[in-house]
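Down below is the structure, laid out as structure tokens.
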Amino acid sequence: MAGGPSTPELARAVSEAGGLGMIAGALLTPEGFAAQVDSIRGVTFGVNLFLPEEPSGADVQSYAQHLAPWFERFDIEPGELVRRDDYYAEKFAWLLAHPVPMVSSTFATFDADEVARLHAVGTEVWATVATASDASVATANGVDALVVQGPEAGGHRGTFDGSAPEQPLTELLAAVREISELPRVAAGGLMDGNDIVPLLDSGAAHAAQFGTAFLNTPEAGTKPIHRQQLTLASDTAVTRAFSGRPARGLVNDFMRENSAVAPAAFPDLHYLTAPLRAKAAAIGDPSALSMWAGTGHRRVQAMPAAELIAEWARQLGR
Ligand SMILES: Cc1cc2nc3c(=O)[nH]c(=O)nc-3n(C[C@H](O)[C@H](O)[C@H](O)COP(=O)(O)O)c2cc1C
């Protein structure tokens, strides 16, 4: 969970409790990335990367002008694009030189050559997919497992083409099963062990990925106002307004006012709105902060990650 909620402490707690903790490798500098990954060595863990994309050519300037009243209200300047590619080449090269147990991709899949190079250093490769067509590309490229992300999921939709398909998780899992024999990790709207029993028992999925359920653990870096709103906000929606890519979060005024006009331009909009989001978080104003969360947000529990996982294991009976 890039952008603050994921921490090495959370990943370590999850791995030590029998899960597979993830380092969110996106939106970090190469130095910050290396430090986070090195701080968790000793347990089995994974690292997630956002794969870069070409500029969409969308009119970012007009959107910046449209947002002027927001920048004025919060007394800040619009943000500048820092790195379009999220230092992808540097991070990938570092992972080859300093291998980790697993690497997963989001927004695209590693190509066949990248998969081979990761395999050569002993790293397992997973791909986040949000459509059956994403799954067939990733499977053809030789990845080892698919994180099948339904539209219920909090945060960015992992679709390769930046669209926001709405095939519910159970239907998506069935569609992916038709075209790929790879293990499926179900993601989206799952909040406890009871939610995953039917997916595992029916063979729909082999494992499950949780995001929102960890947002109010003490180990997470979730901002206080985001934690508070998880149970106060009544709904979530998918928006491009904050980052330029569709992502699910708690509905607030910024989303209501700007979702209809926000262009598809990631990460341009992410950087454009960064100072606004930072100021909103600093002053505890939920109206202009991106508060990513899945459809199960109201069932979030304030509990250490190890206790959550122990509870889910009891529910699963295993
Ligand atoms: C705050 C937040 C940040 C996220 N950041 C990432 C990310 O950096 N990379 C990624 O692949 N998925 C990210 N996701 C999506 C999760 O990996 C996962 O698919 C999703 O949380 C599952 O749905 P759930 O939130 O309903 O549990 C994020 C989700 C949230 C809630």
### Query
Taking the range 44-56, which residues are touching a residue at least 24 places away in the same chain (Cβ under 8 Å) and either open to solvent by 20 Å² or more (accessible area, probe 1.4 Å) or more than 15 Å from the ligand (Cβ to nearest atom) (or both)?
Thr44, Asn48, Phe50, Pro52, Glu53, Pro55, Ser56
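Residues Ala208, Ala233, Ala265, Ala260: which one is more than 11 Å from the ligand (Cβ to nearest atom) and touching a Leu at 6+ places or on another chain (Cβ under 6 Å)?
Ala233
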### Query
Somewhere in the range 260-270, is a residue loosely packed, with under 15 Cβ neighbours inside 10 Å and on the phi < 0 side of the Ramachandran plot?
yes
### Task
Report, by residue number, each residue of the range 275-297 that is farther than 18 Å from Leu169 by Cα and part of a helix (DSSP H, G or I).
Pro275, Leu276, Arg277, Ala278, Lys279, Ala280, Ala281, Ala282, Pro286, Ser287, Ala288
### Selection from the range 212-232 of residues that are open to solvent by less than 70 Å² (accessible area, probe 1.4 Å) and farther than 23 Å from Ser287 by Cβ
Ala213, Phe214, Thr217, Glu219
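Would you check which residues across the range 9-31 are more than 14 Å from the ligand (Cβ to nearest atom) and either closer than 24 Å to Ala281 by Cβ or assigned to a loop (DSSP other than H, G, I, E, B) (or both) and list them?
Passing the criteria: Glu9, Ala13, Ala17, Gly18, Thr29, Glu31.
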### Query
Which of the residues belonging to the range 222-264 are over 22 Å from Ala24 (Cβ atoms) and assigned to a loop (DSSP other than H, G, I, E, B)?
Ala233, Ser234, Asp235, Val251, Asn252, Ser259, Ala260, Val261, Ala262, Pro263, Ala264
### Query
For the range 146-158, does any single residue satisfy the condition of being open to solvent by less than 50 Å² (accessible area, probe 1.4 Å) and more than 16 Å from the chain's Cα centre (by Cα)?
no
### Query
In this structure, is Asp85 within 23 Å of the chain's Cα centre (by Cα) and open to solvent by 40 Å² or more (accessible area, probe 1.4 Å)?
yes
### Query
Only one of Leu95, Leu10, Leu67 is at pLDDT 95 or above, crowded, with 16+ Cβ neighbours inside 10 Å, farther than 26 Å from Ala153 by Cα and in contact with a strand residue (DSSP E or B) (Cβ under 9 Å, 6 or more places away or on another chain); which?
Leu95
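When the range 198-211 is examined, which residues are found to be assigned to a helix (DSSP H, G or I) and open to solvent by less than 30 Å² (accessible area, probe 1.4 Å)?
Leu199
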### Query
In this structure, does Ala112 turn out to be touching a Gly at 6+ places or on another chain (Cβ under 7 Å), open to solvent by 30 Å² or more (accessible area, probe 1.4 Å) and more than 12 Å from the ligand (Cβ to nearest atom)?
yes
### Task
Kindly indicate the residue of the range 32-43 that is free of Cβ contacts under 8 Å to residues at least 40 places away in the same chain and either under 17 Å from the mean Cα position of the chain (by Cα) or open to solvent by less than 50 Å² (accessible area, probe 1.4 Å) (or both) and also farthest from the ligand (Cβ to nearest atom) among those meeting that condition.
Val43
### Task
Filter the range 117-152 for residues that are in a loop (DSSP other than H, G, I, E, B) and of a type in the set (A, V, I, L, M, F, W, C) and give the result.
Val121, Ala130, Val143
### Query
Among the residues of the range 117-127 satisfying the criterion of being open to solvent by less than 10 Å² (accessible area, probe 1.4 Å) and under 17 Å from the mean Cα position of the chain (by Cα), which is nearest to the ligand (Cβ to nearest atom)?
Ala127
### Task
Could you check how many residues of the range 234-245 are surrounded by fewer than 22 Cβ atoms within 10 Å (Cβ to Cβ) and modelled with pLDDT of 95 or more?
3
### Summary
Out of (1) of a type in the set (Asp, Glu); (2) in contact with a Ser or Thr (Cβ under 9 Å, 6 or more places away or on another chain); (3) away from the ligand (no atom under 12 Å from the Cβ), the one Asp144 does not meet is (2)
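The values are calculated or read from the model by the stated rules, or taken from the named source; none is laboratory data. None of the values given here were measured: they were computed from a predicted structure. Here Cβ is always computed from backbone atoms with ideal geometry, including for glycine, and neighbour counts include all displayed protein chains. Ligands, DNA and RNA are excluded from the accessible area calculation, which covers all protein heavy atoms including side chains. Shrake-Rupley method; radii C 1.70, N 1.55, O 1.52, S 1.80 Å.
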